[in-house]
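The values are calculated or read from the model by the stated rules, or taken from the named source; none is laboratory data. All figures in this text were calculated on a predicted structure; none of them were measured in a lab. Cβ sites come from the backbone with ideal geometry, for glycine too, and all protein chains shown count toward neighbours.
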């Protein structure tokens with residue numbers, strides 16, 4: 001489903017502060033699977049996720065997504081691809097404060113211009129699946145860490161993406177909530193989605209739902225298992 | 001289908017913008033209040049200057065096309081009535097009329113009154129018609145007797161026959177109308193002289209030619225065209241308006257610095273929000289559209305409220321904030337309501353001076369933030 005060829009990402013190229021975050025990664029990710037990118041801090045997990053998720057471009061290399069090369073897409077098509085193909089769960093919840101849970105979930109759907117009744121119905125269904133529909137009209141400031149995490153999952157799923165990307169999703173959760181998160185991931189996988197998680201949390205990469213763990217170190221692949 | 005989606009998308013963005021503004025109620029309200037106040041001050045000055053020029057234009061509509069004054073040593077002197085007949089003979093002149101008018105300093109109120117002896121004065125000798133300003137300052141009303149000291153020091157009593165309506169108070173506040181005979185007796189002007197001579201021409205375009213002929217026949221005279229008076233009025237009120245604007249410059253600068261800081265300095269929260277929106281699939285153009293609406297809503301609201309308040313201030317409250325400065329330094333302030341006067345040029349000038357710079361200042365920093373990769377929000 002996703003193929004990476006010699007992906008390299010250099011920040012501040014040519015300057016004294018130059019950092020090679022990802023250094024020549026080749027990787028194939030199967031559809032309808034759960035892949036975990038693991039590795040210590042600074043190993044390039046988040047950078048690789050952002051490149052795969054069309055949030056930044058690699059300095060070198062190619063990405064083929066469902067048979068289509070996306071590295072050379074224009075900004076507009078990259079955005080379109082990000083909106084329709086990927087659902088993204090950030091390390092922090094990154095919800096927009098001051099608006100309701102429902103409005104936060106609807107944000108990715110606004111640029112599509114679908115009827116309000118339709119997108120609201122879908123958002124409510126997702127919130128129901130996340131067991132948080134009773135908080136739909138509450139402001140996000142009032143949510144606990146676990147609730148906020150489930151709202152971001154609902155937000156990531158609102159456009160029915162085929163790939164879900166999560167960056168350190170359990171970093172701010174206790175063990176109970178981390179296990180619950182992995183239960184949700186299992187449910188999403190059963191719907192045929194492809195899931196890519198960056199994490200160095202054993203609860204995540206030791207989970208039975210995970211099909212593959214890719215270990216990164218210093219921007220390179222360490223082990224493929 | 002596509003158009004429907006596009007419209008729906010724009011509706012969502014506008015709604016999200018409104019909720020964004022409401023989220024920062026305090027900050028945005030403070031901005032709108034100071035923005036509105038600045039626009040209110042600027043609009044008040046511009047509306048007042050424009051309206052008073054219009055008022056002067058309306059008043060001068062009834063003024064003669066040309067006035068001839070006799071000059072001696074650079075000063076205005078009485079002009080002989082004999083000049084009138086010679087002036088009538090100039091080709092193109094349709095009417096010539098001698099006028100009697102002058103100023104009277106009233107020590108009781110410390111102000112100057114304007115005395116005029118109109119041709120169509122319909123009251124008898126010993127009667128006077130006065131402006132509202134004089135009536136107020138001397139506390140005299142219809143049927144009262146008003147005593148004035150003549151040129152020779154003797155006292156002349158006038159019975160107040162009427163007072164002039166407040167509609168025309170801009171020009172009539174300090175006005176006194178008397179009969180020709182009373183005027184001549186009051187100032188000691190012989191029958192063979194008038195104050196100046198009013199001339200009308202068949203073709204107003206030939207006024208300059210007529211004026212040249214007048215000065216060649218009577219080199220000791222000075223023709224004053226209505227257009228010249230209008231230009232003088234404009235210069236005076238433009239100058240006064242300009243002085244007020246300069247006085248208010250401090251306020252404008254304070255606002256500009258405040259607005260610039262608010263509009264250009266995106267906070268960490270603003271940047272994070274833009275990053276989140278882009279990461280969840282908003283296009284750069286969607287973010288810019290949102291920021292455009294944000295700037296437009298604030299500046300348009302301030303513009304409309306500021307202009308409406310300024311309109312009410314100028315036309316219903318007689319510009320009470322800076323009335324003495326703009327109307328003049330006369331002791332007898334005229335109390336009058338300006339005729340409401342608005343024009344598209346004035347509104348457009350205000351719009352381009354206020355709304356446009358702010359909206360652009362809002363979009364530019366957002367554009368910088370919106371064109372960066374959204375992955376920054378993941379760190």
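Could you check segment B:111-148 and list, in sequence order, the residues that are out of contact with any strand residue (DSSP E or B) (no Cβ under 9 Å at 6 or more places or on another chain) and over 24 Å from residue B:195 (Cβ atoms)?
B:136, B:139 - these are the residues of segment B:111-148 that are out of contact with any strand residue (DSSP E or B) (no Cβ under 9 Å at 6 or more places or on another chain) and over 24 Å from residue B:195 (Cβ atoms).
I'd like the residue in segment B:281-319 that is part of a helix (DSSP H, G or I) and free of Cβ contacts under 8 Å to residues at least 40 places away in the same chain and, out of all such residues, is nearest to the other protein chains (Cβ to nearest Cβ).
The initial filter retains those residues of segment B:281-319 that are part of a helix (DSSP H, G or I), namely B:284-315.
Narrowing the set further to residues that are free of Cβ contacts under 8 Å to residues at least 40 places away in the same chain leaves B:285, B:304, B:308, B:312.
Details: B:285: 8, B:304: 26, B:308: 30, B:312: 34 Å.
So, considering only residues that are part of a helix (DSSP H, G or I) and free of Cβ contacts under 8 Å to residues at least 40 places away in the same chain, the one nearest to the other protein chains (Cβ to nearest Cβ) is B:285.
In segment B:26-40, what residues are surrounded by fewer than 15 Cβ atoms within 10 Å (Cβ to Cβ) and either modelled with pLDDT under 85 or away from chain A (no Cβ under 14 Å) (or both)?
Kept after step one, since they are surrounded by fewer than 15 Cβ atoms within 10 Å (Cβ to Cβ), are these residues of segment B:26-40: B:26-27, B:29-30, B:33.
Scanning segment B:26-40 gives B:27, B:29, B:30, B:33.
Residues checked against (1) within 14 Å of the chain's Cα centre (by Cα); (2) away from every other protein chain (no Cβ under 14 Å):
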residue: A:141; (1), (2): no, no
residue: A:159; (1), (2): yes, no
residue: A:176; (1), (2): no, yes
residue: A:179; (1), (2): no, yes
residue: A:188; (1), (2): yes, yes
residue: A:191; (1), (2): no, yes
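Of the conditions (1) closer than 15 Å to residue A:94 by Cβ; (2) touching a helix residue (DSSP H, G or I) at 6+ places or on another chain (Cβ under 6 Å); (3) touching a residue at least 60 places away in the same chain (Cβ under 8 Å), residue A:168 clears all except one; give me its number.
The single condition residue A:168 does not satisfy is (2).
Working only within segment B:1-25, note down all residues that are over 45 Å from the mean Cα position of the chain (by Cα), assigned to a helix (DSSP H, G or I) and more than 7 Å from chain A (Cβ to nearest Cβ).
Once the filter is applied, which keeps residues that are over 45 Å from the mean Cα position of the chain (by Cα), assigned to a helix (DSSP H, G or I) and more than 7 Å from chain A (Cβ to nearest Cβ), segment B:1-25 yields B:2, B:3, B:4.
So which of A:69, A:60, A:30, A:75 ends up being surrounded by fewer than 18 Cβ atoms within 10 Å (Cβ to Cβ) and within 11 Å of another protein chain (Cβ to nearest Cβ)? Talk me through it step by step, then tell me what you get.
On the way: A:69 fails: within 11 Å of another protein chain (Cβ to nearest Cβ); A:60 fails: within 11 Å of another protein chain (Cβ to nearest Cβ); A:30 fails: within 11 Å of another protein chain (Cβ to nearest Cβ).
Of A:69, A:60, A:30, A:75, the one residue that is surrounded by fewer than 18 Cβ atoms within 10 Å (Cβ to Cβ) and within 11 Å of another protein chain (Cβ to nearest Cβ) is A:75.
Considering only segment B:41-62, I want to know if a residue exists there that is modelled with pLDDT under 90, surrounded by 15 or more Cβ atoms within 10 Å (Cβ to Cβ) and touching a strand residue (DSSP E or B) at 6+ places or on another chain (Cβ under 8 Å).
no
Please give the number of the condition residue A:45 fails out of (1) over 18 Å from residue A:152 (Cα atoms); (2) modelled with pLDDT under 90; (3) within 12 Å of chain B (Cβ to nearest Cβ).
So residue A:45 meets the others, but not (2).
Quick check on my filter: what residues within segment A:8-19 are surrounded by 13 or more Cβ atoms within 10 Å (Cβ to Cβ) and either out of contact with any helix residue (DSSP H, G or I) (no Cβ under 9 Å at 6 or more places or on another chain) or modelled with pLDDT of 95 or more (or both)? Talk me through it step by step, then tell me what you get.
To start, the set of residues in segment A:8-19 that are surrounded by 13 or more Cβ atoms within 10 Å (Cβ to Cβ) comprises A:8-11, A:19.
Within segment A:8-19, A:8, A:10, A:19 qualify.
Tally up the residues in segment A:101-123 that are surrounded by fewer than 18 Cβ atoms within 10 Å (Cβ to Cβ) and either within 20 Å of residue A:185 (Cα to Cα) or more than 9 Å from chain B (Cβ to nearest Cβ) (or both), please.
Number of matching residues: 4.
Please count how many residues of segment B:174-192 are within 14 Å of residue B:78 (Cα to Cα) and surrounded by fewer than 17 Cβ atoms within 10 Å (Cβ to Cβ). Break it down into steps so the answer makes sense when it comes.
Taking segment B:174-192 and keeping what is within 14 Å of residue B:78 (Cα to Cα), we get B:183-184, B:187-192.
Now drop any that are not surrounded by fewer than 17 Cβ atoms within 10 Å (Cβ to Cβ), which leaves B:188, B:190-192.
Total satisfying the criteria: 4.
The conditions are (1) over 22 Å from residue B:190 (Cβ atoms); (2) within 36 Å of the chain's Cα centre (by Cα); (3) not in a strand (DSSP E or B), and residue B:91 fails exactly one of them. Which is it?
Failing condition for residue B:91: (2).
Which helices (runs of 4 or more DSSP H) sit wholly inside segment A:1-106 and have at least 2 residues that are free of Cβ contacts under 8 Å to residues at least 60 places away in the same chain, over 14 Å from the mean Cα position of the chain (by Cα) and under 22 Å from residue A:195 (Cα atoms)? Walk me through it before giving the result.
Working: elements: A:45-52, A:75-85, A:101-106.
Ranges flagged: A:75-85, A:101-106.
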